[in-house]
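Bear in mind that the values in this text are calculations on the coordinates, not laboratory data. All of these numbers come straight from a predicted model, not from anything done at the bench. Please note: Cβ atoms are built from the backbone with ideal geometry, for glycine as well, and neighbour counts cover all protein chains shown.
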Amino acid sequence: MLVLSRQRDETIMIGDQVEITVVDIRGDKVRLGINAPRTIQVHRKEVYEAIQRENAESAHIQIDDLTGADRHVRHKQRPA
Amino acid sequence: MKIQTTRFGEVEVDGNRVIKFPKGLLGFPQYQDYVLIESANPENPGEQSNFWWLQSVDLPELAFVVTDPTLFVSTYKVPIHAEQMLGLGLSAIEDAQVFVIVNKREHVLTGNLQGPLVVNVGSRRGEQLVLSDRRFTTRVPLVELRPAVAKSAAPVRQAVPA
């Protein structure tokens with residue numbers, strides 16, 4: 001891993017379209033500003049990992065797990 | 001075309017109905033082709049189910065349950081940038097169908113509202129998005145499947161923890 005030292009308000013560039021700026025540093029918290037084209041998705045890694053994990057767990061569902069499910073939905077309002 | 005599944009055995013599907021997720025689903029990048037199989041609704045055989053199976057064409061055991069999240073969470077909206085519409089080949093937002101993946105925990109079906117699936121119903125291409133909106137988590141309760149109670153018992157409201 002490339003490791004760079006940056007101070008507040010300093011920026012690194014990734015390629016020629018992505019800029020990451022250290023906006024603020026307080027204790028063990030660093031605030032980053034990110035400029036990137038919309039085509040590049042920027043996420044907190046833990047959110048991405050949570051969805052991966054949830055997908056993996058959800059793939060274990062079996063037919064029996066849905067028993068009665070529709071009965072409990074039926075009385076809910078369907079959107080117009 | 002015929003596909004093999006562990007849950008439904010051999011299933012005959014129309015090849016034109018295949019939905020392609022060019023990036024796969026998160027954690028499953030190698031499986032890109034899926035078909036939707038309507039869940040059986042044994043209590044009301046004539047009525048459409050609210051749940052569908054998103055079955056991998058290539059891996060028999062890989063299937064997810066999906067549903068329309070707005071049936072459960074009326075305030076749910078998925079923001080789609082113009083660039084993401086372009087990526088899905090969407091020219092009109094009406095061509096987009098949003099599903100969420102359903103999981104079961106204890107007696108509750110939960111929906112992954114943080115990682116919705118957006119499908120272009122015209123081109124049948126889809127993508128799993130990652131929402132930064134923290135109101136919607138990966139485990140939003142959708143339906144409580146109450147455990148079977150004795151037949152003589154009148155319907156009882158479940159106690160709700162304060």
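Here are some notes:
- Taking each residue as 0.36 nm, the span from A:R38 to A:R6 lengthens on full extension beyond its C-alpha to C-alpha distance by 9.0 nm.
- Ranked from largest, the principal axis spans of the Cα set of the protein assembly as shown equal 70, 52, 36 Å.
- Taking 0.36 nm per residue of separation and subtracting the current Cα-Cα distance, fully stretching the chain between B:D58 and B:R7 would add 17.0 nm.
- Only helices enter the 222 nm calculation for chain B: every DSSP H run of n ≥ 4 contributes -39,500 (n - 2.57), and dividing by all residues gives -1000 deg cm²/dmol, rounded to 500.
- At R0 = 30 Å, FRET efficiency that the Cβ-Cβ distance of B:N44 and B:V108 yields, to 0.05: 0.90
- When the alpha carbon gyration tensor of the range B:90-149 is reduced to an equivalent ellipsoid, its three semi-axes come out at 28, 14, 8 angstrom, largest first.
- Most fluctuating residue given options B:P22, B:P42, B:P141, as computed from a GNM of chain B linking Cα atoms under 10 Å: B:P42
- Translational diffusion of the range B:1-127, estimated by Stokes-Einstein from the Kirkwood radius over alpha carbon pairs at 10 °C in a medium of 1.306 mPa s, is 103 µm² per second.
- Computed on chain B, with alpha-carbon pairs under 8 angstrom and 6+ residues apart, the relative contact order is 17 percent.
- Hz values of 3J(HN,Hα) by residue in the range B:23-34 - Karplus curve (6.51, -1.76, 1.60), Gly and Pro given as x: 9, x, 9, 4, x, 10, x, 7, 10, 10, 10, 9
- Candidate cross-link partners of B:K77 among the aspartates and glutamates, defined by an alpha-carbon separation under 19 Å and a same-chain spacing of 8 or more, comprise B:D68, B:E94, B:D95, B:E127, B:D133.
- Centre separation in Å (Cα based) which lies between the range A:1-75 and the range B:6-32: 25
- Straight Cα distances below 20 angstrom link B:K2 to the aspartates and glutamates B:E10, B:E12, B:D14, B:D33, B:E38, B:D58, B:E61, with same-chain residues fewer than 8 positions distant left out.
- Our compactness index for chain A, the C-alpha radius of gyration over the empirical 2.2 N^0.38 Å, is 1.87.
- Number of partner chain Cβ atoms within 10 Å, mean per residue of A:45-51: 5
- Ordering B:F99, B:F72 from the fewest to the most neighbouring beta carbons within 10 Å gives B:F72, B:F99.
- Amide hydrogen proximity for B:V108: with H placed 1.01 Å from N in the peptide plane, the residues at 5 or more positions away or on another chain lying under 5 Å are B:L145.
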